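Input: a single structure, listed below in structure tokens.
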Amino acid sequence: MTAPTSCAIAGGVATITLDLPAKHNALTPELLDSLGDDLVRAGGDAAVRVIVLTNTGPTFCAGADLGGGGAPPRYDLVGLLRLIEESAKPVVGRIAGRCLGGGIGLAAACDISIAPADAQFRFSEVRLGVAPAIISVVCLPKMRRSDAAELFLGGEPFDGRRAAEVGLITRAVEPAELDGAVASVVDSVLLGGPAALAAAKSLLARVPSMGRDDAFAWTKSLSESLFASPEAAAGIAAFRDRRPPPWAEPPEA
């Protein structure tokens, strides 16, 4: 049986693809486990600097597998969202198609997500007698309450432009521009130092929920440790010499 996800690594980028188009990339137990394994593998590979999450077929992810069945997965949706958010490596979402329910959670958990302007999004849970409970943890911090109320309670579809307006994704582009936009973001992220990128992700995760004094104390300590690191020494030396830092230099043939 073909795995419901795949992971290809090249040039410091791990591209993880949801590849179960016959089921609209729904979160079946098999897909959950395969995606979890790929995220763990990419996160632990020293050659990987950036993770791209994308899909085959016209649907990025249809959310929960309403057909049910199968053994309980080793990774549930909470575990997947944590793997994405807590990864030390930036995760870029290439949301190439419809994105529903739990799929919106995956897109929102990514550090940067880009979708076609005409992609369809929908919090359809209330129409099924449930609610977007788990994914609210990653979606609500990015949204105004009024936008979230309209979309959560109404259950109506909305396009990629609206998804970007309310903060669920970073940007919506014309369909023909999707690959170029994602490649541009990935190229920019690859110019950052690996430890610096991990530190920047920790700022995004921790500072908004901290008190002002605690935030200043923690960020002061973090800044001092980063400036004292070998990575910073190499980056500053490269800046002064007007050359690329070692992590941004093309690999030798």
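The values are calculated or read from the model by the stated rules, or taken from the named source; none is laboratory data. This one's a predicted model, so the numbers in the text were calculated from it and none came from an experiment. As a convention, Cβ positions derive from the backbone with ideal geometry for all residues, glycine included, and neighbour counts pool all protein chains shown. Accessible surface is based on the protein model in full, side chains and every heavy atom, while ligands, DNA and RNA are left aside. Shrake-Rupley method; radii C 1.70, N 1.55, O 1.52, S 1.80 Å.
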Neighbourhood charge, 15 Å Cβ-Cβ cut-off, centred on LEU18 and excluding it, Lys, Arg +1 and Asp, Glu -1: -3
Among (i) 52, 36, 35; (ii) 58, 48, 38; (iii) 47, 42, 39, the entry derived from the coordinates for Cα extents along the principal axes in Å: (ii)
For the chain, what is the calculated [θ] at 222 nm in deg cm²/dmol (nearest 500), taking -39500 (n - 2.57) for each run of four or more DSSP H residues and dividing by its residue count? -13000 deg cm²/dmol
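How many Å² of accessible area per residue for segment 112-244, probe 1.4 Å?
I get 59 Å² per residue for this part.
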Quick one: with all protein chains in place, what share of the accessible area of the chain is carbon or sulfur, to the nearest percent (1.4 Å probe)? 59 percent
Toy charge model, Lys and Arg Cβ at +1, Asp and Glu Cβ at -1: the chain dipole around Cα centroid in debye, rounded to 20, equals 440 debye
Please name which of TRP218, LEU66, HIS24 has its Cα lying farthest along the dipole of the chain towards the positive end, using unit charges on Cβ (Lys, Arg +1; Asp, Glu -1) and the Cα centre as origin. TRP218
Report, in degrees rounded to the nearest 10, the 0 to 90 angle that the Cα long axis of helix 29-44 makes with the longest principal axis of the chain. 0 degrees
Amide H neighbours of SER124 at under 5 Å, excluding residues fewer than 5 places away on the same chain, with H built from the backbone geometry, are GLY101
Amide H contacts of TYR75 (H built 1.01 Å from N, under 5 Å, at least 5 apart or other chain): ASP33
Between ASP241 and ARG74, with labels modelled 7 Å along Cα→Cβ, what's the label distance in nm to one decimal, could you check? 4.4 nm
State the antiparallel share, in %, of DSSP beta bridges confined to the chain, rounding to the nearest 5. 30 percent
If each K or R counts +1 and each D or E counts -1, the residues other than ALA205 whose Cβ falls under 15 Å of its Cβ total +1
So the angle from the long Cα axis of helix 178-189 to the longest Cα principal axis of the chain, reported in degrees to the nearest 10, equals 30 degrees
Computed for segment 140-211: size of charge dipole around the Cα centre, +1 on C-beta of each Lys and Arg, -1 on C-beta of each Asp and Glu, debye to nearest 20, value 480 debye
Inter-part distance where segment 135-162 and segment 10-42 are each reduced to a Cα centre, Å: 25 Å
Under 24 Å between C-alpha atoms, the lysine pairs in the chain lying 8 or more places apart or on different chains count 5
